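The values are calculated or read from the model by the stated rules, or taken from the named source; none is laboratory data. Keep in mind the model is a prediction, meaning the values are calculated, not measured. Cβ atoms come from the backbone with ideal geometry, glycine included; neighbour counts cover every protein chain shown.
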Amino acid sequence: MKTAIYPGSFDPVTFGHLDIIMRASKIFDHLTVAVLNNNVKTPLFSVEERVNILKEATKDIPNVSIESFQGLLIDYAREKDIHVSVRGLRAITDFEYELQIAQTNRKLSNGQLDTIFLTTSLEYSYLSSSSVKEIASFHGDISQCVPEFVAKLVYEKYGHSVD
Ligand code: ADP
């Protein structure tokens, strides 16, 4: 069985992430989406909230599971016996950063964890979790960026009333 892991912050999940999840789920027999519990960043949503949001957003894709992890991705992947990491590329600016992570993971895992990249669907190439948060903080329209139930939760975090 070919299994892959899609790690990220997903704070919050966007249509760009969901597009990558949908496409990767068709390439692999199973896809584990892994929410990184990162102590450095101050997230809008807790890890538990992000896991629950992702579960709801992917509930119709049977071969996707949602988990969270702490520490190095290579350690978590080894624990789960997963040898492929999936990442998304939006623009050349993502490439340099992603290339470095991919090469580091391959080196640190002695070739046990490889990375495959899916290029973003053009309509989502501008989308990032941070821009969603910035727009929402000013009560801007994020309906084109995230599912409706996610938009409500994001607005609530910024104290905006939702109907
Ligand atoms: P991180 O904080 O690890 O960068 P993110 O949650 O921002 O995690 O993103 C996880 C992965 O999804 C990264 O590989 C990122 O490039 C990719 N990604 C984010 N937004 C998009 C998008 N709109 N289209 C395609 N890939 C995306």
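Residues in the stretch 106-145 that are in a loop (DSSP other than H, G, I, E, B) and more than 11 Å from the ligand (Cβ to nearest atom): S109, N110, G111, Q112, L113, F138, H139, G140, D141, I142, S143, Q144.
Just one of the listed residues (E79, E67) is among the charged types (D, E, K, R), without any contact (Cβ under 8 Å) to a residue 12 or more places away in the chain and closer than 21 Å to N37 by Cα, and it is E79. For the stretch 20-45, a residue qualifies if it is of a type in the set (S, T, Y) and at pLDDT 95 or above, and the qualifying residues are S25, T32. Which residue, of I61, I27, I53, is of a type in the set (A, V, I, L, M) and within 13 Å of the ligand (Cβ to nearest atom)? None of the other options fit; the residue is I53. Kindly indicate whether F10 is at pLDDT below 95, in contact with a strand residue (DSSP E or B) (Cβ under 7 Å, 6 or more places away or on another chain) and within 12 Å of the ligand (Cβ to nearest atom). No, not satisfied. For the stretch 71-94, the criterion of being within 14 Å of V13 (Cβ to Cβ) and either within 12 Å of the ligand (Cβ to nearest atom) or outside any loop (DSSP other than H, G, I, E, B) (or both) is met by at least one residue. Screening V40 against (1) aliphatic (A, V, I, L, M); (2) more than 16 Å from L118 (Cβ to Cβ); (3) in contact with a helix residue (DSSP H, G or I) (Cβ under 6 Å, 6 or more places away or on another chain) leaves a single unmet condition, (3). If you go through the stretch 69-78 one residue at a time, do you hit one that is touching a helix residue (DSSP H, G or I) at 6+ places or on another chain (Cβ under 9 Å), β-branched (V, I, T) and crowded, with 17+ Cβ neighbours inside 10 Å? Scanning the stretch 69-78 turns up at least one residue that is touching a helix residue (DSSP H, G or I) at 6+ places or on another chain (Cβ under 9 Å), β-branched (V, I, T) and crowded, with 17+ Cβ neighbours inside 10 Å.
A residue that is within 16 Å of the ligand (Cβ to nearest atom), in a loop (DSSP other than H, G, I, E, B) and at pLDDT 95 or above occurs nowhere in the stretch 148-162. The set of residues from the stretch 23-60 being crowded, with 16+ Cβ neighbours inside 10 Å and among the aliphatic types (A, V, I, L, M) comprises A24, L31, V33, A34, V35, L36, L44, V47, V51, I53, L54, A57. Of all residues in the stretch 4-63, those satisfying the criterion of being of a type in the set (S, T, N, Q), more than 9 Å from the chain's Cα centre (by Cα) and outside any helix (DSSP H, G or I) are T32, N37, N38, N39, T42, S46, T58, N63. Checked against (1) of a type outside the set (A, V, I, L, M, F, W, C); (2) assigned to a strand (DSSP E or B); (3) at pLDDT below 95, S68 meets all criteria but (3).
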